[in-house]
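Student: My questions will all concern the structure given below.
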Amino acid sequence: MANENKLQAIIAHAKEYGFVFPSSEIYDGLGAVYDYGQWGVELKRNVRDYWWRWMTQMNEQNIVGIDAAIFMHPTTWKASGHVDNFSDPMIDNKDSKKRYRVDHLIEGFAETLPKDQGDALLADMDRLIAGDDFAGLKTLIENNKIKCAVSGTCNWTDVRQFNLMFSTEVGSVADESNTIYLRPETAQGIFVNFLNVQKSGRMKIPFGIAQVGKAFRNEIVARGFIFRMREFEQMEMQFFVRPGTQQQWYEYWKEKRMAWHMTLGIPAERYRFHDHVKLAHYADAACDIEYDFPMGFKELEGIHSRTDFDLQSHQEYSKKKMQYFDADLDENGKAYGNYIPYVIETSIGLDRTLLMLMSEAYEEQDLSTAEKQDSRVVMKFIPKLAPIKLAVLPLTKKDGLPEIASELMQECKQHFKCFYEEKDTIGKRYRRMDAIGTPFCVTIDHQTKEDQTVTIRYRDSMEQERVPMSAVRNIVQQAINE
Ligand code: GAP
C-alpha cells in the first residue's frame, strides 16, 4: 500500500474502531488536537505503563518518578530559554495568508524532487538554519519557486521567528505580570524538583527522574495525524551525572533506549539514529531515534546531553543553590565535592509511539479462496501492549454457554483486560477482535459442557486449538509477560 494511503487507512481505522477521534468532532474538530477512544486509551495506558516500569522498576540505574504540575512559575520558562529561544522560523504566503514552518515547507518540496536534488536542497536548508540566516532561507524558497499549497503562488513574506508556547492568565486580572504558560516540555518540572527529590530520596549521583505528562505547543503546521499535535504527552527522563562523564552516559542511554525499542517487536531496520546538525541552546550532543512512519523516517525520541545548562540557569534565576555534594573520591583520593550535575535526557512522545505501533501493527490481508472472496484488517499488537488481551465468546446465547463464559471472564479479568461478546456469528466476532488487535479469542461451545475444553483462536495465524478451559489464563498471561 502506498505510504500516503497507509496513513489515511490508519486514520480511518483508528476512528472506526475507537482508537483516536478528532477532538470536538461535532463542531468539525480542532486542528491538531485528538481524543483517544475506548481502545486507544487502553493502548496508550499500556505503553505509558510499560515505559514507566522499564524506567523506574526494571532499570539497572536508580530512577524514580514524579508528577509535576502543568502550570509552573513563569520565570521557569525564562530560565529554561523557552521565552527567548523556543521559536521556529515561519513564513506567510501573502495571497492565502497561510503560515508555514520554513523547514516543513522546504522538506515538503524536497520530497517531490529526485533524491540527490532533494538531499542537496535539505543540506542547504540545514546550513542556513544552523546560521540563523533568515534572508538566505527566503532566497532559497524563492530560487526554488516553492509555492503555497493553497494559493499556488510564490508571494512570500520575510522569514520570522514565532514562539510556540501557549500562554494564559492566572487570577482574575489580565495583565502581563499574570501571564503563565502551558508547559511545552515536561523536563522543566524535573529540573525545578531536582533538589527536592535528591534530598528527600537521599539520591546519589548518577540517578534519574522520570515523568510522563501533557505538553503543549502552538505548532503552526500541525500535520501527520497524532504525529504533530498541539496537546500531546511526553515520557521524559533526566539522568543526573558527574560533570565530565556526560559523553559516556549519552552513549549509554542511546544504546539503552534503542534496546527498549527492540522489545516492542519492531524490526531493527525500521529505526535509525539521526545526529542533530544544529544543537539546541542547552545541548552539547543530541540525536533522534527515528522510525520509518508512513510519511518516511521521522523523529520519535530525542536523546540529549543537556550539560548543566538548566540547573545553572535555574540557580541563577531563582538564587537557590542547585549544587550536589559528591562524597565519592576521585583518583587522587579527594572528594569530588560540590558541583552542579550534568544531565542526559531521553524524551519520547507517547502519541508518536502510538502512531508507530499502529503503523507497524496495521495489516490488510486478502484471505480469498477459490470458493469465496474474503479479507480482514488485523492490528498485530504484541500481547503486552494490545488494548484487549482476551475475548471470551460463547457460541450461542443459550444452553448455559454464557454462564460458563462468564466464569472464565471472572477468572481472567482480575489479571488482564478481557472482552465479552455474544452477538453475531463467531466469524464476525473474530474479525472485530482482529481489527482491535486482540491476540486471543476463546469460544465456549457445547463440547465445553462435556469436557471443559474451549477453542482458543490465535489472531496472527488464525489457527484454532482445543485446550482445557483451566489453561486459558496461563496461555494469555505467558504471552503478555514475553
Ligand atoms: N525535553 C526535550 C524535548 O521536549 P523535543 O525533541 O522537542 O525535546 C521530545 O520533544 C519528543 O516529544 C519528540 O521526539 C516527539 O516524540 C514528542 N513531540 C514533540 N513535539 C510534539 C508534537 N507537537 N506532537 C506530538 N509529539 C511531539
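The values are calculated or read from the model by the stated rules, or taken from the named source; none is laboratory data. This structure is a prediction, so every number in the text was calculated from the model and none was measured. When we count neighbours, we look across all protein chains shown, and the Cβ atoms used for this are built from the backbone with ideal geometry, even at glycine.
Student: Can you tell me which of A361, A405, A370, A335 is hydrophobic (A, V, I, L, M, F, W, C), more than 36 Å from the chain's Cα centre (by Cα) and closer than 30 Å to H304 by Cβ?
Tutor: Answer to the selection: A335.
Student: Could we say that V197 is at pLDDT 95 or above and more than 15 Å from the ligand (Cβ to nearest atom) here?
Tutor: Judged against the criteria, V197 is a match.
Student: When residues of segment 406-448 are filtered for being assigned to a helix (DSSP H, G or I) and over 21 Å from A386 (Cα atoms), how many remain?
Tutor: The qualifying residues number 5.
Student: Can you give me the ranges of the strands (runs of 3 or more DSSP E) entirely in segment 1-117 with at least 2 residues that are in contact with a Lys or Arg (Cβ under 9 Å, 6 or more places away or on another chain), within 25 Å of L350 (Cβ to Cβ) and without any contact (Cβ under 8 Å) to a residue 40 or more places away in the chain?
Tutor: Ranges flagged: 20-22.
Student: For Q410, all conditions in the list (1) without any contact (Cβ under 8 Å) to a residue 12 or more places away in the chain; (2) within 16 Å of the ligand (Cβ to nearest atom) hold save one; what is the number of the exception?
Tutor: (2)
Student: Please go through segment 425-461 and give me each residue that is over 30 Å from the mean Cα position of the chain (by Cα) and free of Cβ contacts under 8 Å to residues at least 24 places away in the same chain, ordered by number.
Tutor: If the condition is that a residue be over 30 Å from the mean Cα position of the chain (by Cα) and free of Cβ contacts under 8 Å to residues at least 24 places away in the same chain, then T425, G427, K428, Q447, E450, D451, Q452, T453, T455, I456 are the ones that fit.
Student: Continuing with the same structure: Strands (runs of 3 or more DSSP E) wholly in segment 309-387 with at least 1 residues that are in contact (Cβ under 8 Å) with a residue 60 or more places away in the chain and under 30 Å from K428 (Cα atoms) - which ones?
Tutor: 362-366, 375-379
Student: Given (1) of a type in the set (A, V, I, L, M); (2) closer than 23 Å to S318 by Cβ; (3) within 20 Å of the chain's Cα centre (by Cα), where does V192 come up short, assuming only one miss?
Tutor: Tallying (1) of a type in the set (A, V, I, L, M); (2) closer than 23 Å to S318 by Cβ; (3) within 20 Å of the chain's Cα centre (by Cα), V192 fails exactly one: (3).
Student: Filter segment 264-307 down to the residues that are in a strand (DSSP E or B) and out of contact with any strand residue (DSSP E or B) (no Cβ under 7 Å at 6 or more places or on another chain), then identify the one that is nearest to the ligand (Cβ to nearest atom).
Tutor: The extreme case among them is F293.
Student: Do the conditions hold for Y181, that is, is it more than 16 Å from the ligand (Cβ to nearest atom) and closer than 23 Å to L350 by Cα?
Tutor: no
Student: Looking only at segment 149-193, count how many residues are of a type in the set (D, E), surrounded by 13 or more Cβ atoms within 10 Å (Cβ to Cβ) and either at pLDDT 95 or above or outside any strand (DSSP E or B) (or both).
Tutor: Residues meeting the conditions: 1.
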